[in-house]
1. State the Kirkwood hydrodynamic radius of the stretch 38-125 in Å, one decimal place, computed from all pairs of distinct Cα atoms.
2. Could you provide, to the nearest whole Å², the per residue accessible area of the stretch 37-144 with probe 1.4 Å?
3. Top to bottom by accessible area (1.4 Å), largest first, where do E68, E127 land?
4. Could you check the spin-label model distance between F69 and T117? Points 7 Å from the Cα along Cα→Cβ, value in nm.
5. Past 29 Å, Cα to Cα, is the threshold; run K102/K138; K48/K110; K42/K110 against it and keep the listed order.
Amino acid sequence: MRFVVVGLAGALALGSFGSSVLAQGNAEDGEAVFRRCLTCHKVGPDAKNAVGPVLNGVIGRQAGTVPEFSYSPLNKAAGENGLVWTEELIFEYLADPAPFLKKFLASKGKEDLATGTTRMVFKLADETDRRDVIAYLKTFSPAK
Ligand code: HEC
């Protein structure tokens, strides 16, 4: 736990997104955590975009690129400037999405695009919940 936190802080301080290693969560517990995301996101074979984009295949996907989903300019800009969702980055993002996206854009020298906010208004503070929900999402994200 401590190791992960220190690793993430180090990665942010260096502005090198995605360089830390995330401890593995529990996918079964993550399914229960995902109930909180279900209000807005679907996963699985029949999943469709809802309030939020479908999350099948999200790990390894460029941010802001689900077809036919209308993203906020902030989320879209992060993707266009190189944000690709890894487990580590989703872990950071879920704690507080808007500042994460702004920090990412700033790390790319795109402070001018780091404005407005994201429509992902949900925050998941608990680290175990975040790791578990990511492990659950991973079961819908075939390794590339
Ligand atoms: C209140 C609705 C809501 C809830 C609850 C919610 N989200 Fe979201 N989420 C959104 C919306 C809307 C977007 C698109 C944001 C934008 O365009 O700014 C989004 C975007 C995302 C993205 C980025 C997708 C992309 O293609 O770039 C991820 C990852 C994500 N959400 C994961 C989660 C997870 C995991 C949970 C549960 C722990 C969750 N969200 C809970 C509404 C929600």
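1. Averaging 1/r across every pair of different Cα atoms and inverting gives 13.2 Å.
2. Per-residue accessible area for the stretch 37-144 comes out at 50 Å².
3. Details: E68 185, E127 45 Å².
These residues rank, largest area first, as E68, E127.
4. Taking the two extended label points, one gets 2.0 nm.
5. Where the Cα-Cα span goes over 29 Å, the pairs concerned are K48/K110; K42/K110.
The values are calculated or read from the model by the stated rules, or taken from the named source; none is laboratory data. The structure displayed is predicted, hence computed values, not measured ones. Backbone-built Cβ (ideal geometry, glycine too); neighbour counts: all protein chains shown. Accessible surface is based on the protein model in full, side chains and every heavy atom, while ligands, DNA and RNA are left aside. Shrake-Rupley method; radii C 1.70, N 1.55, O 1.52, S 1.80 Å.
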